[in-house]
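**Q** Following this message is one structure expressed as structure tokens.
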Amino acid sequence: MPHTLIVGYGNSLRGDDGAGYIAAELLRGRLHDPDVEILSQQQLLPELMEPMARAAHVVFIDAAVSGRAGKFNKIPLRPAPACSRFTHHATPESLLAGVQRLYGHTPEATLYTIPGRNFELGQELTSSVRRAVNELVDRLEQELLATDKHR
């Protein structure tokens, strides 16, 4: 069972919207720990509930349309209130609720958002978002390595 699941998501063809996806790709290249599973996704899907159910901690990384570009925000998550069905738009909270309902387990979860400025067609991040992605990747790598030393 992986101790930590990292899910970076966003559209890597829409400028800064790809920040989460790119952060996960960078982490995959730097972390080689069998207790950490890293997924890069274009969007959140119900199929993510199965790997989430196997994790003790889930880290979501996504771009945000508001906030100060060049920074990132850390948001602790809780499952969404019970809902009867999934819609076209899954959120980390709705996936946590699904994991809780289907698997009887709710992993600890955190969302990191990276505010962006350019969401137009293109594969390049703005310089401020690129800087925030790199800072977040550095921080997560340090935290995961520190956690690994304490096991």
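What follows draws every value from the coordinates through simple rules; no lab data is involved. Here the structure is a predicted model, which means the values were calculated and not measured. We place every Cβ from the backbone using ideal geometry, glycine too, and count neighbours over all the protein chains shown.
**Q** Hey, can you grab everything whose amide H is under 5 Å from the amide H of Ala64? Only 5+ residues off in sequence or another chain; H modelled, so Pro and N-termini drop out.
**A** Answer set, sorted by chain and number: Ile114, Gly116.
**Q** Now a separate question. Most exposed first by the Cβ proxy, i.e. fewest other Cβ within 10 Å, how do Ile61, Ile22, Ile75 rank? Display every interim value, and only then the final one.
**A** Details: Ile61 28, Ile22 24, Ile75 12.
The order, fewest Cβ neighbours first, is Ile75, Ile22, Ile61.
**Q** Among Glu120, Glu108, Glu25, rank each residue by its count of other Cβ atoms within 10 Å, from fewest to most, as a rough exposure measure. Working shown, then result.
**A** Values: Glu120 9, Glu108 13, Glu25 17.
Least to most surrounded, the residues fall as Glu120, Glu108, Glu25.
**Q** Along Cα→Cβ, 7 Å out, is where each label goes; now give me the distance between the ones at Arg30 and Glu47 in nm to one decimal.
**A** 2.8 nm
**Q** What is the list of residues in region 12-38 whose amide nitrogen lies under 13 Å from a point 7 angstrom out from the Cα of Leu145, following Cα to Cβ?
**A** Within reach of a label on Leu145, which here means backbone N under 13 Å from a point 7 Å along Cα→Cβ, region 12-38 contributes 30-33.
**Q** Counting pairs of alpha carbon atoms under 8 Å apart in space and at least six apart in sequence, what relative contact order in percent does the chain give?
**A** Numbers: 329 pairs, mean separation 47.7, N = 151.
Averaging sequence separation for qualifying contacts and normalising by length gives 32 percent for the chain.
**Q** Continuing with this model, one more query. Rounded to the nearest 0.05, what FRET efficiency is calculated for Leu39 and Glu124 with R0 set to 25 Å and r the Cβ-Cβ distance?
**A** Working: r = 23 Å, r/R0 = 0.91.
It comes to 0.65.
**Q** Continuing with this model, one more query. Please work out the Kirkwood hydrodynamic radius for region 101-147, using every pair of different C-alpha atoms, and report it in angstroms with one decimal place. Mind showing how you got there, number by number?
**A** On the way: mean 1/r = 0.0745 Å⁻¹.
Across region 101-147, the inverse of the average 1/r is 13.4 Å.
**Q** Sticking with this structure for a sec: For Leu111, enumerate residues with amide H under 5 Å from its amide H, sequence gap 5+ or separate chain, H modeled in the peptide plane.
**A** The list, which skips near neighbours in sequence, is Phe60, Ile75, Leu77.
**Q** What are the ³J(HN,Hα) couplings of region 108-121, residue after residue, when phi is run through the Karplus curve with 6.51, -1.76, 1.60 and θ = phi - 60°? Round to Hz, x for glycine and proline.
**A** Along region 108-121, the couplings run 4, 9, 9, 10, 9, 10, 10, x, x, 10, 10, 10, 7, 4 Hz.
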